[in-house]
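Data first, discussion second: the structure below is written as structure tokens.
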Amino acid sequence: IRNNMNELTKAEEQIMQILWEKEKAFVKDIIDEMPKPKPAYNTVSTIIRTLERKKFVNHKSYGNSHQYFPIIKKSEYTKLFMKRVISNYFDNSLQQMVSFFSKENDMNIKEVEEAIKLMQEIKKQKKHE
């Protein structure tokens, strides 16, 4: 994972979620997946170019059209994002984070288990850094 990876804005994350799901898409395909009111073509195009600069996506050219695809896996971004959350809001304590979410969000057992599993993966990764 690149430690200098930029965080995504909400608009960028919305587009990345669509690209992660579709695996590759033209701007019009991305807009089709977005909720109404649909953003302008130029708006989505600009955000995608920003994502390219940030090294989240790349494209394949077909004449004047570009088909975009993610070059960062969703799981890779999720791990980085969660590391930042744990560091910035829970004093690097996985235990504090689980405690917070289980109390505040009324997590069910399955969700707690999934959170613990994700945190164990992060812990393994930290040991290898």
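No value in this document is a laboratory result; all are computed from the given coordinates. Note that the structure is a prediction, hence the values are computed from the model and not measured. Counting neighbours? That spans all protein chains shown, and the Cβs are built from the backbone with ideal geometry, glycine included.
Determine the relative contact order of the chain: mean sequence separation of Cα pairs under 8 Å and six or more apart, normalised by residue count, in whole percent.
Reported as a whole number, the value is 20 percent.
Dividing the alpha-carbon radius of gyration of the stretch 48-89 by 2.2 N^0.38 Å (N being the number of residues), what value is obtained?
1.52
Which value results when the Cα radius of gyration for the chain is divided by 2.2 N^0.38 Å?
Normalised Cα radius of gyration, the chain: 1.24.
With the crude spin-label approximation of a point 7 Å out along Cα→Cβ, what separation in nm comes out for Glu7 versus Glu76?
Distance between label points: 2.0 nm.
Taking the stretch 76-117, how much of its Cα-Cα pair set, in percent, is spaced more than 17 angstrom apart?
For the stretch 76-117, the fraction of Cα-Cα distances above 17 Å is 30 percent.
Could you work out [θ]222 nm for the chain from helices alone, using -39500 (n - 2.57) per DSSP H run of at least four and dividing by all its residues? Round to the nearest 500 deg cm²/dmol.
Helix-only estimate at 222 nm: -19500 deg cm²/dmol.
With Cβ to Cβ distances under 13 Å as the rule, what net charge do the other residues near Lys22 carry (K, R +1; D, E -1)?
So the environment of Lys22 carries a net charge of -2.
Using the Cβ atoms and a cut-off under 9 Å, what net charge is assigned to the surroundings of Gln67, where Lys and Arg are +1 and Asp and Glu are -1?
+1
With +1 on each Lys and Arg Cβ and -1 on each Asp and Glu Cβ, how big is the dipole of the stretch 15-108 about its Cα centre, in debye rounded to the nearest 20?
For the stretch 15-108, the charge dipole is close to 380 debye.
Read phi for every residue in the stretch 36-53 and hand back ³J(HN,Hα) as whole Hz from Karplus 6.51 cos²θ - 1.76 cosθ + 1.60, θ = phi - 60°, with x for Gly and Pro.
Using θ = phi - 60°, the values come out as 7, x, 5, x, 5, 3, 4, 5, 5, 4, 5, 4, 5, 5, 5, 4, 5, 4 Hz.
Stretch Lys110-Ser61 to full length: gain in nm at 0.36 nm per residue minus the Cα-Cα span?
Additional length available on full extension: 13.3 nm.
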